[in-house]
Amino acid sequence: MLDPARSYDLIGDVHGCARALERLLSGLGYRRQGGVWRHPQRMALFLGDILDRGPHIREALHLVHDMVEAGEALCLMGNHEWYALGWTTPALPGSGREFAREHNPRHERLIRETLAQFEQYPGDWHDFLAWFHKLPLFVDAERFRLVHACWDAEAIQQLRRDHPDGRIDRAFVQQAGDPDSFAAHCMQRLLRGLDMPLPRGVTLTSHDGFIRSVFRTKFWESDPQTYGDIVFQPDALPEEVANLPLSNAQKAALLRYGEDEPMLFVGHYWCNGTPAPLRPNLACLDYSAVRRGKLVAYRLDQETRLDPDKFFWVEVKRLEADS
C-alpha cells in the first residue's frame, strides 16, 4: 500500500479544523494546485477522525478526500468515520435495533455537528459515507505502522484473513453492531483502544461533558503496577484510583507493544503539551486540535526510530476551532 522508501507527513486528528489543516499543509511545503494540496516529493498520511466536532467538517473531508483520490495522501479510518458508518448502516435483521450504531442521545451528540453541516449537502454526505468504506483500519509498511488508536496484533492478523488490505465492507459494519462479534472487538481495539473499567461506583466527567465509567489505557507499558501507570487520556484519574494496584488479571488483559517493534503512529488520545515521542518507536499525533490545541504532523523520512525534532505543528486559533 505504501512505499517504505518514500518520505511521508503523518497527520493527527483534524475533527473539522479545515483552516488549521490548510496552514499545517502550507507549513509542510504543500501547495494547492488544480484544487488539490500537493507536495513535490512527499505524501500525507492521515490517521483518521477527519469529521465531527469542528467548524468546517465538510471542507476538511473534501480536502483530504481530494488529496487521497489524486494520490497525494492516504487516510485511515478513525472511530468517528466508523461512528458515521454505524449511524447510517441498517442493523442486522433480528438485532432489535434499526441501525448498526444505536441512535441514542450520547451517540447523536457526537455526530450532531457533522449532520448539521451536511444538511444542505445530502449528495456529498452519501459520497463520503461510501468513501469511508475505502479507508483502511491499519497500515503496515514494515518499517513503520499506522493505526488510529491501538495496534492489536492478534486482531489485525485475524482481520487480514478476510480483509487483507484492512478495508471493510457493509457486512462488517453490520456485524460490528453486535457487541459480542469479532467485528465489534476489532473496531473497538483498533479505533478506540483498550479501555479499563473504573472501580465500582467511580465515574469521570470528561472535558466534553460525557460521563464515563472506563478510562483509556496505554498499550505499551512493560510492567505497570497501578491504575495510574496505564492511564492515557487528558482527564486524570482521582488520586485514590490512580494509586490502586492492578490485579494479575488486569495486567494479563493489557496489550504490549515492544520497544523492538517498528515505529507506530496513532491519533485518538487528546494529548497536550509539546509533541514528542511516547517511546523511541511510538508517537501519538492527536494534540486536541478542535479544543484549541495543536494540529500535529510528523515528518517521516528513512529513520527507524523517532526523531523529536521532526514533529511539526500549528496552534489552532479560537475561530478555527469554534466558528
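In the context of the full set of protein chains, the stretch 178-279 has a per residue accessible area of 48 Å² (1.4 Å probe). Computed from the alpha carbon atoms alone, the convex hull of the stretch 202-290 holds 107 Å³ per residue. Annotated for the chain: lysine pairs at least 8 residues apart or interchain, Cα distance under 27 Å, count 5. Using a probe radius of 1.4 angstrom, the carbon and sulfur fraction of the accessible surface of the stretch 232-283 is 53%. Shape verdict for the stretch 1-143, please, from the Cα gyration tensor: rounded (a/c under 1.5), prolate (a/b greater than b/c) or oblate. It is prolate, given that a/c is not under 1.5 and a/b is the larger ratio. What the phi angles of the stretch 119-136 give under the Karplus curve with 6.51, -1.76 and 1.60, with θ = phi - 60°, is a coupling list of 4, 8, 9, x, x, 4, 4, 4, 5, 5, 4, 5, 5, 4, 5, 8, 7, x Hz, glycine and proline written as x. In order along the stretch 268-284, phi translates into HN-Hα couplings of 6, 9, 6, 5, 9, x, 8, x, 7, x, 6, 8, x, 10, 8, 9, 9 Hz, rounded to whole numbers, per the Karplus curve 6.51 cos²θ - 1.76 cosθ + 1.60 with θ = phi - 60° and x for Gly and Pro.
Let me make sure I get this right: for the chain, a, b and c are the square roots of the gyration tensor eigenvalues over alpha carbons, sorted descending. Under 1.5 in a/c it's rounded, otherwise prolate if a/b > b/c, else oblate. Which is it? Intermediate values should be presented prior to the final figure.
Values: a/c = 1.36, a/b = 1.12, b/c = 1.21.
Rounded shape, in that the Cα axes give a/c under 1.5.
Structural descriptor for the chain: relative contact order 21 percent, calculated from alpha carbon pairs under 8 angstrom and at least 6 residues apart. Looking at the stretch 1-72, which GluC sites (Glu not before Pro) are in a loop (DSSP not H, G, I, E or B) and have at most 11 other Cβ atoms within 10 Å? Sites meeting the loop and neighbour criteria: none at all. Across the stretch 182-198, coupling constants 3J(HN,Hα) worked out from phi with the 6.51/-1.76/1.60 Karplus curve, θ = phi - 60°, read 4, 4, 5, 4, 5, 4, 4, 5, 6, 9, 10, x, 9, 8, 10, x, 6 Hz, and Gly and Pro carry x.
Between amide H atoms placed 1.01 Å from N, distances below 5 Å from Cys75 occur with Phe46, all of them 5 or more places distant or on a separate chain. The residue among His107, Gly96, Tyr121 whose Cα reaches farthest toward the positive pole of the charge dipole of the stretch 57-123, with charges on the beta-carbon of Lys, Arg, Asp and Glu, is Gly96.
Over the chain, DSSP H runs of length four or greater, each weighted -39,500 (n - 2.57), average out per residue to a 222 nm ellipticity of -9000 deg cm²/dmol.
Name the residue from Tyr298, Tyr287, Pro308 whose Cα lies farthest towards the positive end of the charge dipole of the stretch 256-323, charges +1 on Cβ of Lys and Arg and -1 on Cβ of Asp and Glu. Value computed over the given set: Tyr287. Taking the Cα centre of the stretch 217-323 as origin and assigning +1 to Lys and Arg Cβ atoms and -1 to Asp and Glu Cβ atoms, the resulting dipole is close to 300 debye. If you take the charge dipole of the stretch 144-253 about its Cα centre, with +1 on Lys and Arg Cβ and -1 on Asp and Glu Cβ, which of His163, Pro179, Trp220 is farthest toward its positive end? Positive-most Cα among the choices belongs to His163. Note on the chain: with charges restricted to the Cβ of Lys and Arg (+1) and Asp and Glu (-1), its dipole about the Cα centre is near 380 debye.
The values are calculated or read from the model by the stated rules, or taken from the named source; none is laboratory data. Values in this document were obtained by computation on a predicted structure and should not be read as measured data. Using ideal geometry, Cβ is built from the backbone for each residue, glycine included, and neighbour counts are taken over all protein chains shown. Quick note on the areas: whole protein, heavy atoms, side chains included, nothing else; ligands and nucleic acids left out. Shrake-Rupley method; radii C 1.70, N 1.55, O 1.52, S 1.80 Å.
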